[in-house]
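Q: Attaching a single structure in structure tokens format; questions to follow.
The values are calculated or read from the model by the stated rules, or taken from the named source; none is laboratory data. None of the values given here were measured: they were computed from a predicted structure. Counting neighbours? That spans all protein chains shown, and the Cβs are built from the backbone with ideal geometry, glycine included.
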Amino acid sequence: MALSLERLRSSELIGASAVVLWFMPLFQIAFYYAYAAIAHGDLFVMDIVDFTLTVVLGQVLFYQLTTRLHCTRGGRVAALLSVIALAGIFVVFTVLPPHVPLFMDPTNGTYGLPIE
């Protein structure tokens, strides 16, 4: 059941990529906070499990979507715009993140890139 790129059109790849690019960071954050709440702290082994599970689920989801998804022109445009929005959110949250614990640097208590 190898994925043959000759069979796929770019519409399936764009749609599947957009879904997976949103799924992976959201799943990883949710899994981390769920296990940290249960374990009452951070565990290195669970961080590795979190990362591995996120990558495996992302790959499986991508494969499933590319073999079953059929995007319309509007769907492709929406997928492309959502990836552009995700890239914009990444830049904004890197430079000027919201002041919530998720974005705080645990080593010095600051947010975002250091201003020098």
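Q: Would you check which residues across the range 62-92 are among the polar types (S, T, N, Q) and exposed (fewer than 15 other Cβ atoms within 10 Å of the Cβ) and list them?
A: Those that are among the polar types (S, T, N, Q) and exposed (fewer than 15 other Cβ atoms within 10 Å of the Cβ): 64, 67, 72.
Q: I've got another one for you. Looking at (1) out of contact with any His (no Cβ under 9 Å at 6 or more places or on another chain); (2) modelled with pLDDT under 95, which one does residue 12 not meet, given that it meets all the others?
A: (1)
Q: Search the range 30-45 for residues that are within 16 Å of residue 102 (Cβ to Cβ) and pair each with any residue that is assigned to a helix (DSSP H, G or I) when their beta-carbon atoms are under 6 Å apart and the residues are at least 6 apart or on different chains.
A: Taking only residues 6 or more apart or on different chains, the pairs are 31/50; 32/50; 35/46; 42/36.
Q: Taking the residues in the range 20-29 that are free of Cβ contacts under 8 Å to residues at least 60 places away in the same chain and either under 13 Å from residue 47 (Cβ atoms) or β-branched (Val, Ile, Thr) (or both) as candidates, determine which candidate is surrounded by the most Cβ atoms within 10 Å (Cβ to Cβ).
A: Taking the candidates together, the pick is 20.
Q: Right, next: Considering the range 37-48 alone, what residues qualify as being in contact with a helix residue (DSSP H, G or I) (Cβ under 8 Å, 6 or more places away or on another chain) and of a type in the set (A, V, I, L, M, F, W, C)?
A: 39, 43, 46
Q: So, in the range 100-112, of the ones that are over 18 Å from residue 25 (Cβ atoms) and loosely packed, with under 11 Cβ neighbours inside 10 Å, which residue ends up modelled with the lowest pLDDT?
A: So, considering only residues that are over 18 Å from residue 25 (Cβ atoms) and loosely packed, with under 11 Cβ neighbours inside 10 Å, the one modelled with the lowest pLDDT is 106.
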